[in-house]
Amino acid sequence: MHKTPVAAALDSLYRSIRPDLERVETHLREVCRHPNPLIGEINDYLFQIAGKRIRPALLLLCNRLHGRPAIDDAPFWSAMIEIIHTASLIHDDIVDDSDLRRGRATVHAKWGPNVTVLLGDFLYIKSIVLSLRRRNYRLIDILADVTADMIEGELIEVSWNGRVEIPESVYIDVLDKKTASLFAGACRIGAVLGQAPPEDEARVESFGRSLGLCFQIIDDWLDFAGDAATLGKPVLSDLREGRMTLPVIRCLARMEKTRHGEFINLIENSATSESMFSRILEIIRAEGVLEETFDRARSYAAAAKDALIALPSSPARATLIGLTDLLLERTS
């Protein structure tokens, strides 16, 4: 199977942690196996395509930052992070009524909302049950806090869904809770397992949070700057689902009153005509806000790398810097 440039680059970056990533996949396959045929079938569907596995990789790399031998438990906790991430995507697709993810039908589209809600809940609870068996309560606390943040972020986003004018501060808060908190949590767990001193644990968590914000802003930027074939979903998917992202927020902020009202009217009535989506895209690209959006993502990438500077030089630190650059420059 032909790999995308991003997948090929990740393969290279992940070389040092490949054996542990394979152990992550083993843990995920164990979760997939279930005596109930429906649960087993859907789990297999969810995990048969590995995706980028960014969050597990962050945990494994942060575990190696201080030069200590990799902890045997690290792949298990990486798998728990990936299960929580997958559960969040399942719930996202229900809320957004999304039919496609990564070029495939969503669980919501294939099995309907009732089964999908229950499966997302099952995966969240399963991750906590499996974690409790390890009796590492400090890490369980991190996972519980992250999960609560993610759900809170989803609730905040839903409360603003369909409203065109959203403060940028609210948008960033949603990104911080829904996406960056899990990046930060993965990095922090890796640091804890690697016995990092408290000040380095804080730096690693800050790195993860900034990287998560960069990652999600690039996702939102690609929704306007990318193409459907590469993304595996239609462009302007967020807007079609009633979600206002940074390009729209910045575009509205720079318009004078008359054009501001016209643009809001265009967005509010866009569902009636595909040509209106094309017009919105033209305006966004003409206003220069895509450049502003990318610059915001670049600033978070710089902050992420700054957080790593005080850490000891190591192959893991170099890989994390390379991963930051890759996630900033990706096209899918």
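Amide H contacts of LEU100 (H built 1.01 Å from N, in plane; Pro and chain starts excluded): THR106 sit under 5 Å, all sequence-distant by 5 or more or on other chains. Taking the stretch 222-255 and a reference point 7 angstrom along Cα→Cβ of VAL158, the backbone N atoms nearer than 17 Å belong to 241-244.
Calculated FRET efficiency, ILE151 to LYS257, Cβ-Cβ distance, R0 = 41 Å: about 0.60 to the nearest 0.05. Please determine, in degrees from 0 to 90 and to the nearest 10, the orientation of helix 113-132 with respect to the longest principal axis defined by the Cα atoms of the chain, where the helix direction is its Cα long axis. Between helix and principal axis, roughly 30 degrees. Helix 137-160 sits at what angle to the longest principal axis of the chain, using alpha carbons and giving 0 to 90 degrees rounded to 10? Helix 137-160 and the main axis of the chain meet at about 10 degrees.
A simple spin-label model places pseudo-atoms 7 Å from Cα toward Cβ; at VAL129 and VAL95 they are separated by 2.5 nm.
Cross-link partners for LYS233 among the lysines, with Cα-Cα distance under 19 Å and sequence neighbours closer than 8 places in the same chain left out: LYS3, LYS52, LYS110.
For the chain, a crude dipole built from +1 on the beta carbon of Lys and Arg and -1 on the beta carbon of Asp and Glu, taken about the Cα centre, is about 1020 debye to the nearest 20. Using bins of 20 Å that start at zero, the share of Cα-Cα pairs per bin across the chain amounts to 31, 58, 11, 0, in whole %.
Values quoted throughout were computed directly from the atomic coordinates according to the rules given, and no laboratory measurement underlies them. Everything numeric here is computed off the predicted structure, so don't read it as measured data. Note that we place each Cβ from the backbone using ideal geometry, even for glycine, and neighbour counts take in every protein chain shown.
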